[in-house]
Amino acid sequence: MAKLTDAGPATRPDAYVPRYAELPFVAFGTFWQDRITKAAQWNSELLRFAAARWHKDLDTLVQLANCRSVAEVLCVQFEVAAETASDYLSEAEQLVANVNTALQSGTNAPTGS
């Protein structure tokens, strides 16, 4: 590694090479770019699911407001509970599948090459 001269790094930018400049930036950049892309996809999927559930919950409130008897309320609640459980289960399966795909797609730490 080059040493600093009396002129200092301001007049001789090549006089000092910081240690981080020796890292393999290409592999490091690809490593983090892959992870950021996967995290963005994960967040996008979660937001899509949350928005869909929000709309379904609003529809449920409308259905409950239109009920005229306790039996209708119980029927709506039962249907909503079954649908909600099914939605969460299928979403969990999809997220686990996405994680497995990400793990199998070669998300190893960057190498020194």
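Here are the numbers for this structure:
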| read-out | value |
| --- | --- |
| Qualifying residues in the range 35-49 (those that are among the small types (Gly, Ala, Ser) and exposed (fewer than 11 other Cβ atoms within 10 Å of the Cβ)) - the one nearest to VAL80 (Cα to Cα) | SER44 |
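Matching residues to (1) modelled with pLDDT under 80; (2) loosely packed, with under 11 Cβ neighbours inside 10 Å:
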position	(1), (2)
MET1	yes, yes
ALA21	yes, yes
PHE28	yes, no
VAL73	no, no
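The values are calculated or read from the model by the stated rules, or taken from the named source; none is laboratory data. The model shown is predicted, which means the values in this text are computed figures rather than measured ones. A quick note on method: Cβ atoms are made from the backbone with ideal geometry, for glycine too, and the neighbour counts reach across all protein chains shown.
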